[in-house]
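Some notes on the structure that comes next.
The values are calculated or read from the model by the stated rules, or taken from the named source; none is laboratory data. These numbers come from a predicted model, not from an experiment. Glycine also receives a Cβ, built like all others from the backbone with ideal geometry; neighbour counts cover every protein chain displayed. Accessible surface areas use protein heavy atoms only, side chains included; no ligands, DNA or RNA. Shrake-Rupley method; radii C 1.70, N 1.55, O 1.52, S 1.80 Å.
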Amino acid sequence: MQDTNMSGNKLSTESLGSYFLKHDNSRNIVLFSDLPKLCLDEPCVLGVDEAGRGPVLGPMVYGICYCPLSKAENLKALGCADSKILTEEKRELIFEKLCKETEYIGWAIEAISPNIICNSMFRRQKHSLNQVAQDSTVGLLTKAKSSGINISEVYVDTVGIPEKYQAKLSEIFPEFKITVAKKADAIYPIVSAASICAKVSRDTALKGWIFQEGLEATSDDFGSGYPNDPVTKAFLIKNIDPVFGYPQLVRFSWSTAGKILQEHSALVEWEDEEEEESGASKNTTITSFFNKVGSNKRQKTKHAFFTARNLAVSDLL
């Protein structure tokens, strides 16, 4: 799990905002609630779900929630249901209740940066959104396990084919009884609780988003973030740089963003590099990557803007 920033101090809806405000939006962030002592002693059930898989804007957030099996029925009384059918106010209210039940409920989230999502999907060995999602789930489960939580049962909202995903997770965590299902957030209260943690965290991240590019905009200016939202589309068109593209809030690997890029950005034609005809070998040798002994050539450090976007200097335009 990359770019992890662990925090374990009394998290709530109010304090979530301060964590995201202090955080570099180009990197992932992982937040863990306090660990209930009861979860160290009694067998626990743990749920996994996500928020923000489809939007063209903002992070994708994975959440886990756990509690002792003996207390699992309490989640229904707290109102845990699929976060997608709840209002924002209702989600935040239930999230506050989850945070207050520190004696037997714990949770954690990973907010995956739009920048990292896109760079993963565009790198030479492509890493699909499903793979990014599965990596987050495995990472959160691994951290929960290493923290000492007595995990017995795990319920996961599926990514891809449930049977294949369940087999994969069961191979990695043979000590857990794992169930992967479609619409698990509507079936299992513990997954619903994880869904609420993920959704509230994503909403909070968007409300407190700080544009490193200097753009002054609020969540009201970019709408829901979904590709079919006219407010979101208007934001994409208005805030595109013809050379450097979008701010880091935007998932530029999405087809909606790509289409707008083609229509509103500067056209660049890339020439194929011609193979060298001369020389005994056309392959680059490993020694060519090292400076000669005694070379005093100073190494240049790229600005963070370019490293975050995997941009490199080109001699040809």
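Only loop residues by DSSP count here, and only those with at most 16 other Cβ atoms within 10 Å; note down the GluC sites (Glu not before Pro) in region 28-127 that meet that.
Values: sites: GLU50, GLU73, GLU88, GLU89, GLU92, GLU96, GLU101, GLU103, GLU110; in loops: GLU73, GLU101, GLU103.
When the GluC sites (Glu not before Pro) of region 28-127 are filtered for loop state and at most 16 Cβ neighbours within 10 Å, GLU73, GLU101, GLU103 remain.
Among DSSP bridges having both ends in the chain, what percentage is antiparallel? Round to the nearest 5. Show your work: numbers first, answer last.
Working: 21 of 31 bridges.
So the antiparallel bridges in the chain amount to around 70 percent.
Among residues other than VAL156 whose Cβ falls under 13 Å from its Cβ, what is the net charge (Lys/Arg +1, Asp/Glu -1)? The partial results should precede the final answer.
Numbers: positive: LYS164, LYS168, LYS177, LYS182, LYS183; negative: ASP49, GLU50, GLU153, ASP157, GLU163, ASP185.
With Lys, Arg at +1 and Asp, Glu at -1, the net is -1.
Between THR301, THR218, THR179, find the one with the highest GNM mean-square fluctuation for the chain; connect C-alpha pairs within less than 10 Å.
THR301
Can you give me the accessible area per residue for the chain, using a 1.4 Å probe, in Å²? Numbers along the way, then the final one.
Values: 17980 Å² over 317 residues.
Per-residue value: 57 Å².
List the residues whose amide H sits under 5 Å from the amide H of ILE29, counting only those 5 or more places along or on another chain, with H placed 1.01 Å from N in the peptide plane.
For ILE29, whose amide H was placed from the backbone, the distant partners under 5 Å are ALA111, SER113.
What does the charge count around ASP203 come to, taking other residues whose C-beta lies under 10 Å from its C-beta (Lys +1, Arg +1, Asp -1, Glu -1)? If you can, show how the numbers build up before the last one.
Numbers: positive: ARG91, LYS199, ARG202, LYS207; negative: GLU88, GLU92.
Here the charged neighbours net out to +2.
When all protein chains stay in place, what accessible area (Å², nearest 10, 1.4 Å probe) is found for LYS37?
The accessible area comes out at roughly 140 Å².
Once you've got the GNM for the chain with C-alpha springs shorter than 10 Å, pick whichever of ALA194, ALA304, ALA111 has the biggest mean-square fluctuation.
With Cα springs under 10 Å in the chain, the top fluctuation among ALA194, ALA304, ALA111 is at ALA304.
Just to be sure I understand the model, the point goes 7 Å from the Cα along the line to the Cβ. What's the resulting SER224 to SER147 distance in nm?
Computed distance between label sites SER224 and SER147 equals 3.2 nm.
Modelled label-to-label distance, VAL138 and ALA217, 7 Å Cα→beta-carbon offset: nm?
Each label point lies 7 Å from its Cα, and together they span 3.5 nm.
ASP135 accessible area, nearest 10 Å², 1.4 Å probe?
Taking all protein chains as shown, ASP135 has close to 80 Å².
Can you pull out the chymotrypsin sites (Phe, Trp or Tyr not before Pro) in region 120-165 that DSSP calls coil and that have at most 14 other Cβ atoms within 10 Å?
On the way: sites: PHE122, TYR155, TYR165; in loops: none.
Those that pass, being in a loop and sparsely packed, number zero.
Using just the C-alpha positions of the chain as equal point scatterers, what log10 of I(q)/I(0) does the Debye formula give at each q in 0.15 1/Å?
-1.18
Give me the one-decimal nm value for the distance between modelled label points at VAL268 and VAL243, 7 Å along each residue's Cα-to-Cβ direction.
With each label point 7 Å from Cα toward Cβ, the separation is 1.1 nm.
What list of ³J(HN,Hα) couplings, whole Hz, do you get for region 216-225 from phi and the Karplus terms 6.51, -1.76, 1.60, once you set θ to phi - 60° and write x for glycine and proline?
9, 7, 10, 4, 5, 7, 10, x, 6, x
Show me the GluC sites (Glu not before Pro) within region 180-272 that DSSP assigns to loop and that have at most 14 other Cβ atoms within 10 Å of their Cβ.
On the way: sites: GLU213, GLU216, GLU263, GLU269, GLU271; in loops: GLU213, GLU216, GLU269, GLU271.
Sites meeting the loop and neighbour criteria: GLU213, GLU216, GLU269, GLU271.
List the residues, sorted by chain then number, that are 5 or more residues from ILE151 or on another chain and whose placed amide H is less than 5 Å from its amide H.
The answer is CYS44.
Return the single residue from ILE210, ILE85, ILE187 with maximal mean-square fluctuation; model: Gaussian network over the chain, springs between Cα atoms under 10 Å.
Looking only at ILE210, ILE85, ILE187, the largest GNM fluctuation is found for ILE85.
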